[in-house]
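What follows is a set of notes on a single structure, which appears directly below.
The values are calculated or read from the model by the stated rules, or taken from the named source; none is laboratory data. As the structure is a prediction and not an experimental result, all values here were calculated from the model. Note that we place each Cβ from the backbone using ideal geometry, even for glycine, and neighbour counts take in every protein chain shown.
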Amino acid sequence: AESLDPGALLDALKKGLYYSSMGPRIDEIAMDGKTLTITCSPVDTITVVCGTSRTVSRFGRSITEAELDLSKLDNGWLTTKSSPWFRVTVIDHGGKRAWSNPIWWDELG
């Protein structure tokens, strides 16, 4: 939500503009062509999961930003024909997770 105003929060919930978390924070998910950029609180794993359960991940220590080249995955599962959506999951050092709502390809423009 743009603010903590109850009306703005309700509007964000209705539009699905929120994520679930056990602790980690997802600050931004942005798509530019076939590059997905995720910014978050320090985590050890950032994963993109498609509807077919296939994934592309970045592993490390205290990662706060990752750019994932999704064009490498065009030969298989991560295309609009295979699954109409994907989800971002981040996992911190303690195993706590945050995950986005489904992100629909046709809504990315």
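Pairs linking a residue in the stretch 65-78 that is at negative phi to a residue that is at pLDDT below 60 and part of a loop (DSSP other than H, G, I, E, B), with Cβ atoms under 8 Å and 6 or more positions apart or on different chains, are 70/78; 73/79.
Pairing each residue of the stretch 5-26 that is closer than 22 Å to residue 63 by Cβ and in contact (Cβ under 8 Å) with a residue 24 or more places away in the chain with any residue that is surrounded by 13 or more Cβ atoms within 10 Å (Cβ to Cβ) and among the aromatic types (Phe, Trp, Tyr), provided the two are 6+ apart or on different chains, yields C-beta distances under 9 Å for 19/99; 20/99; 21/99; 25/19; 26/19; 26/99.
On the stretch given as the stretch 56-107, residues that are farther than 18 Å from residue 31 by Cα, at pLDDT 90 or above and not aromatic (Phe, Trp, Tyr) total 12. None of 49, 43 is at pLDDT below 90, in a strand (DSSP E or B) and either over 19 Å from residue 102 (Cβ atoms) or not polar (S, T, N, Q) (or both) except 49.
Note on the stretch 1-40: among residues that are touching a helix residue (DSSP H, G or I) at 6+ places or on another chain (Cβ under 9 Å), of a type in the set (A, V, I, L, M) and part of a loop (DSSP other than H, G, I, E, B), the one that is surrounded by the fewest Cβ atoms within 10 Å (Cβ to Cβ) is 17.
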